[in-house]
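Have a look at the structure below, then the notes.
A short reminder: the numbers here are calculations on the coordinates, not readings from a lab. Just so it is clear, the structure is predicted and the values come from calculations on it, not from any experiment.
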Amino acid sequence: MKHLYKGIAGLLLTMFLIQSNAADLIVVCSVKEVAKNQTSSTYKRKYEIDFEPRFFKSSVDMGNGFRHSEDGFPKDINASRVVFAEDGTTSQYFDRQTSQYVYKNVASEVEATGSCTQETRPKK
């Protein structure tokens, strides 16, 4: 039982540290999404990315302010890209060299692209 409490305490501490530290990189993108080559929508997407531990939070602004969308673990972070998803059906990444956001889902025929601004912040 003692080990269980230590494990839970460690997990809670990790979650607190992830939430309390400022992100290493914040990316805000103006996105245009096209579904099935017909309908389109525009919105803003924001990513708050931590390099260590590798973690991201995303939020979407459809015109009423940013609202939480998802949290997750990037598939890869390197000098040229931050890859959020890559599984053969879905590809989602931020290109750090060109400041472009790309999302493609071949199964649902959805594509989204956008130009982004990036901001780095020192950790607290």
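Which shape class applies to segment 40-124: rounded if a/c is under 1.5, otherwise prolate when a/b exceeds b/c and oblate if not, where a ≥ b ≥ c are the square roots of the Cα gyration tensor eigenvalues? It is oblate, given that a/c is not under 1.5 and a/b is not larger than b/c. Here's how it looks for Arg81: its modeled amide H is under 5 Å from those of Arg96, which are all 5 or more places away or on a different chain.
Listed values for segment 30-45 are Karplus-derived 3J(HN,Hα) couplings in whole Hz (6.51 cos²θ - 1.76 cosθ + 1.60, θ = phi - 60°), namely 8, 10, 10, 10, 10, 10, 6, 6, 10, 6, 9, 9, 10, 6, 10, 10, and x replaces Gly and Pro.
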